[in-house]
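Any read-out appearing in this document is the output of simple, stated calculations on the displayed coordinates, not a laboratory observation. Everything numeric here is computed off the predicted structure, so don't read it as measured data. In this analysis, Cβ positions are derived from the backbone assuming ideal geometry, glycine residues included, and neighbour counts consider all displayed protein chains.
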Amino acid sequence: MAINSTPAARSARILLSLLAAAIIAWLVISWNDDRLQTQGIVLLERQPPQTAEALERFRSAKLLNASLQPGAFEASVLLLTGERARAIAQLEELLRSEPENRTGWLLLGNWLSSEDPAGAARAFERAAALDGVKQPAKP
């Protein structure tokens, strides 16, 4: 009797096949998410920007995406369309989920700079700390 025909070997082959199929599916979904994100960026570069379509692409790009970058793009579109409070709230929610997101802290600092200088300073300090930059002691 061949070793490959044992129940354990068949089970191992089935398990490996399922694992390979899951990996391929995840790669295809990730590729599609990246493609949707790129399409959203291109739509924003058009004159005039196609914000509704871009927003739809960024929302669709969230499917099984390990990165929260589509959420930051979505918040940016909200800011561009005049929904400042909603954009800031969405970015703050994203940063609660991913507090190590340096780009998100920089965006938040920029968005808060005109209306909440203290909040902007805290966001910039957080981004600097993620860079390993020590802030001077406050008097």
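Dipole orientation for segment 8-98: of the candidates Leu79, Gln50, Ser97, Ser97 has the Cα lying most toward the positive pole (charges on Cβ; Lys, Arg +1; Asp, Glu -1).
List the residue ranges in the chain for DSSP H helices whose C-alpha atoms run 24 angstrom or more along the long axis and whose Kyte-Doolittle average is 0.5 or above.
Correct list, ordered by number: 7-45.
Set the Förster distance to 25 Å, then compute FRET efficiency between Thr103 and Thr38 from the Cβ-Cβ distance, nearest 0.05. Approximately 0.90, to the nearest 0.05. Report relative contact order for the chain in percent, whole number only (criteria: Cα-Cα under 8 Å, sequence separation at least 6). It comes to 12 percent, rounded to a whole number. Look at (1) 1.22; (2) 1.42; (3) 1.00: the one that is Rg/Rh (Cα atoms, Kirkwood Rh) derived from this structure is (1).
Counting Lys and Arg as +1 and Asp and Glu as -1 over every other residue whose Cβ lies under 15 Å from the Cβ of Asn32, the net charge comes to +1.
Distance between the modelled labels on Leu16 and Asn110, one decimal in nanometres: 4.9 nm (7 Å Cα→Cβ projection). At an R0 of 30 angstrom, the distance between the Cβ atoms of Lys62 and Ala121 translates into a FRET efficiency of 0.50.
One chain, two ends: Ala9 and Ala52. Fully extended at 0.36 nm per residue, the span grows by 10.2 nm beyond their Cα-Cα distance.
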